[in-house]
Every structure is written in structure tokens, then in C-alpha cells.
Amino acid sequence: MGSAYQIRDQHQSYFLTFLVVGWTDVFTRRVYRNLVLESLTHCRKSMGLEVFAYVIMSNHMHVIFRSKTGELSKTVGSFKRHTSKKIMHEIASNPEESRKKWLEMMFKYHAKFNKRVNDVQFWTHDNHAVELFDHNIFKTRLEYIHNNPVKAGWVDAPEHYLYSSARNYADEDALIEIDLAF
């Protein structure tokens, strides 16, 4: 991807998209969504990551992140490596996963076309990073994230979707703590 979508300022807030290779619907299972939430919480508490917004869809997630340590690229890389290992391990060891062979085939297939990975690949490498350098851009991306499940037809209102920070902003029970922007 071109340089327009790179993390340049390691201290700035960014809208990022993490896409599962082949648009593979992994996050239809709660167990895999929960692994992502555990990783977000860990990065917040241990790596200085500010999580302003998130939504986990069936095959991708959108987030707004900023690093307190000035190492946003490094933290994003750690998050993606950790979640891919945890999810792939859970897929392999989950006796209730009926799509195990198909999922493993998808991850092996996509790894063949990427010199940066070995046997399997879970996330695409591109994060489609958009720097949020002013309040209006930040607010627009925050609304986009929260309205994703509404546009998909899954819920009628953003705060009704459990795997989204819209619940935090609506002051409703949420699955994880985040860093509220407003």
C-alpha cells in the first residue's frame, strides 16, 4: 500500500483497520472476539496503548489508537502478532470449531503469497492508517466505527452491539474499559 496510509507520527491518534486474510469470517465465534478484547485490555494496561474506539465485525475490526510511549507501530505489530497466534491456537485446539480445516487452509493459502510470513497468515499487513489530526476527522471516524454494525444490519442502534466501544460512549455496560475521547 502507498505511503499515504502509514503511521508516521508515533504519538498521534490513528484510525486503523485490521482485516483477516481473504475476508475470512473468523469473528462469528464469540471465543475469538473475546481473545481480541483480552489483547486490547493487555495493550492498554501494559503497553501504553490508548484505545479510544473499536468494533469487531465478522472478518475485520476498526480501532482508534494512540500510544503514550510513542511506539504505536510497534504496539500495533505486537497486538496483531499476539492475537493471530492466540486465535490460530484456539482454532486448532477448539473441538467445537466445525470450520477448522477450512480456516487453516485459508491461512496457509494466503501465507504462500507473502514473503514476510512462514506457514500461516491471519491478518493482512496493511492497517489502512488514517491520522486523526483534528477533532472533526476524529469524530467522523468514531461515528463510522460505531455505525458499522448498524450498516451491516446487525443492530438498530450502535450501542446495541456488544463488541463495540459505542456502549462505553453511551454509558452502558461494556465488555472492556477504553479511553473515552469526549
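Highest GNM mean-square fluctuation among Thr75, Thr83, Thr28, for the chain modelled with Cα contacts below 10 Å: Thr28. Shown in residue order for segment 130-145 are the 3J(HN,Hα) couplings computed by the Karplus curve 6.51 cos²θ - 1.76 cosθ + 1.60 at θ = phi - 60°: 10, 5, 9, 8, 8, 4, 5, 5, 4, 5, 4, 5, 4, 5, 4, 4 Hz (x for Gly and Pro). Largest GNM mean-square fluctuation among Trp123, Trp23, Trp102, using the chain with Cα springs under 10 Å: Trp102. Computed from label points 7 Å out along Cα-Cβ, the spacing between Ala170 and Asn59 is 2.7 nm. Tell me the angle of helix 72-93 to the major Cα principal axis of the chain, expressed in degrees between 0 and 90 and rounded to the nearest ten. Once rounded, one gets 40 degrees.
Computed on the chain, with alpha-carbon pairs under 8 angstrom and 6+ residues apart, the relative contact order is 30 percent.
Quick check on segment 3-142: take the gyration tensor over C-alpha atoms, sort the square-rooted eigenvalues as a ≥ b ≥ c, and tell me if it's rounded (a/c under 1.5), prolate or oblate. Since a/c reaches 1.5 and a/b is larger than b/c, the shape of segment 3-142 is classed as prolate. Each Cα pair of segment 28-82 feeds into the Kirkwood radius, which the Stokes-Einstein equation turns, at 25 °C and 0.890 mPa s, into a diffusion coefficient of 213 µm²/s. Subtracting the Cα-Cα distance of Tyr109 and Lys85 from 0.36 nm times their residue separation leaves 7.0 nm of extension gain. What angle do you read, to the nearest 10 degrees and between 0 and 90, between the alpha-carbon axis of helix 100-111 and the longest principal axis of the chain? Roughly 70 degrees between the two axes.
Under the combined filter of DSSP loop state and at most 13 neighbouring Cβ atoms within 10 Å, segment 38-135 retains these trypsin sites (Lys or Arg not before Pro): Lys112, Lys115, Arg116.
Since every read-out is calculated from the coordinates, none of them should be taken as a lab result. It should be emphasised that the depicted structure is a prediction, and the values quoted were computed from it without experimental measurement. Backbone-built Cβ (ideal geometry, glycine too); neighbour counts: all protein chains shown.
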